[in-house]
Amino acid sequence: MAVPAWLTALLLGLYGDAHHWWDNRAFLTNLLSSFTGLLLGVPFALVVLSHLGSMQADAANRRAAIRRGLEAARLFRATSLKGFAHSNPQQAMTDLIRLRTENAKLRQRLNTGLPSTDPQRRAYVSAIARFFDARETAIQQAFSLSGEAQQAWLDQVAQDWERLDRDVRPRLEEVGGQWMRPDAYTDLRKSGKQLANLSAVPMRKLRRTRQVFDPLEPDIPGPPTSQFEKSIATLRRDADATHEVVVALLEIMRNLSEVERIAT
């Protein structure tokens, strides 16, 4: 609209100059010249200012996204290491691998089934008690938290990952910010979901359940089979949930260096 009006005013001025319309009309000449310049200058200024404003807004959005990404990445790293006995990711991985091995031995024994004869059952119970205690030692060596504090920590790790994935990642992609490798993202996303949807509460203090599996004197009859079966089912749920947690945490420790690259 403004450009056609400017062009019309310009042609009118040129035509007036050619026919001496503006002779001895200094005020009118200045007024028409100013109006003609205004018709072109104002839209041009608006376009330029709008472009500069848009560039500034984009830059501000990028800075905000980068800042949020850095903060969220640091928080996720700090939260992930918080529950370990050692804050070094490599040492944490070593402890987790040891725990995974001890937990696998317990799971394998629990899944063999309860023997029917009393001597076989005593050997079976003794093995479970031994494997359970070895796993308990590995748990204590790996983690600084236990019980409800440990469960709250695992929940917080899952929540911090959710923030990174659903909030930070789309904003960084929108502004062209640094994210992580696709394979690392896939592994971390799977681990985050695994921690958020555990099949049972892992690594509980199962003292009463453990007492059932204490070695028995040969002349003292053991608990009834139903009690053994109930205890085995409890331990099996715990061992399965522990396996889920250990696998998820191992993937997180392996990919912490990728998390540190976010928004850098």
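So ASP167 passes all but one of these: (1) within 14 Å of the chain's Cα centre (by Cα); (2) open to solvent by 40 Å² or more (accessible area, probe 1.4 Å); (3) modelled with pLDDT of 95 or more. Which condition number does it fail?
Looking at each condition in turn, ASP167 falls short on (3).
Of (1) surrounded by 16 or more Cβ atoms within 10 Å (Cβ to Cβ); (2) part of a helix (DSSP H, G or I), TRP179 satisfies all except one. Which?
So TRP179 meets the others, but not (2).
So, in the range 82-94, how many residues would count as being open to solvent by less than 70 Å² (accessible area, probe 1.4 Å) and outside any helix (DSSP H, G or I)?
Looking only at that region, the number is 3.
So in the range 105-120, with the set limited to residues that are aliphatic (A, V, I, L, M) and part of a helix (DSSP H, G or I), which one is modelled with the highest pLDDT?
LEU106
Kindly check whether there is at least one residue in the range 138-156 that is within 9 Å of the chain's Cα centre (by Cα) and among the charged types (D, E, K, R).
No, every residue in the range 138-156 fails to be within 9 Å of the chain's Cα centre (by Cα) and among the charged types (D, E, K, R).
Among (1) touching a helix residue (DSSP H, G or I) at 6+ places or on another chain (Cβ under 8 Å); (2) open to solvent by 60 Å² or more (accessible area, probe 1.4 Å); (3) farther than 18 Å from ALA104 by Cα, there is one condition SER199 misses while meeting the rest; what is its number?
It is condition (3) that SER199 fails.
Filter the range 139-160 down to the residues that are within 16 Å of THR242 (Cβ to Cβ) and not in a helix (DSSP H, G or I) and list them by number.
Listed by number, the residues that qualify are PHE143, LEU145, SER146.
So that you can scan it fast, the table gives a plain yes or no per residue for (1) open to solvent by 40 Å² or more (accessible area, probe 1.4 Å); (2) closer than 30 Å to TYR185 by Cβ; (3) at pLDDT 95 or above; (4) in contact with an Asp or Glu (Cβ under 7 Å, 6 or more places away or on another chain):
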| residue | (1), (2), (3), (4) |
| --- | --- |
| SER80 | no, yes, yes, no |
| ASN103 | no, yes, yes, no |
| ALA123 | yes, no, no, no |
| ARG130 | yes, no, no, no |
| ASP133 | yes, no, no, no |
| ALA142 | no, yes, yes, yes |
| GLU148 | yes, no, no, no |
| GLN151 | yes, yes, no, no |
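Output the residues belonging to the range 107-129 that are touching a helix residue (DSSP H, G or I) at 6+ places or on another chain (Cβ under 9 Å) and of a type in the set (D, E, K, R).
Selection gives ARG107, ARG109, ARG121.
The values are calculated or read from the model by the stated rules, or taken from the named source; none is laboratory data. This structure is a prediction, so every number in the text was calculated from the model and none was measured. Every residue, glycine as well, gets a Cβ built from its backbone with ideal geometry; the counts of neighbours run over all protein chains shown. With ligands, DNA and RNA removed, areas are computed over all heavy atoms of the protein, side chains included. Shrake-Rupley method; radii C 1.70, N 1.55, O 1.52, S 1.80 Å.
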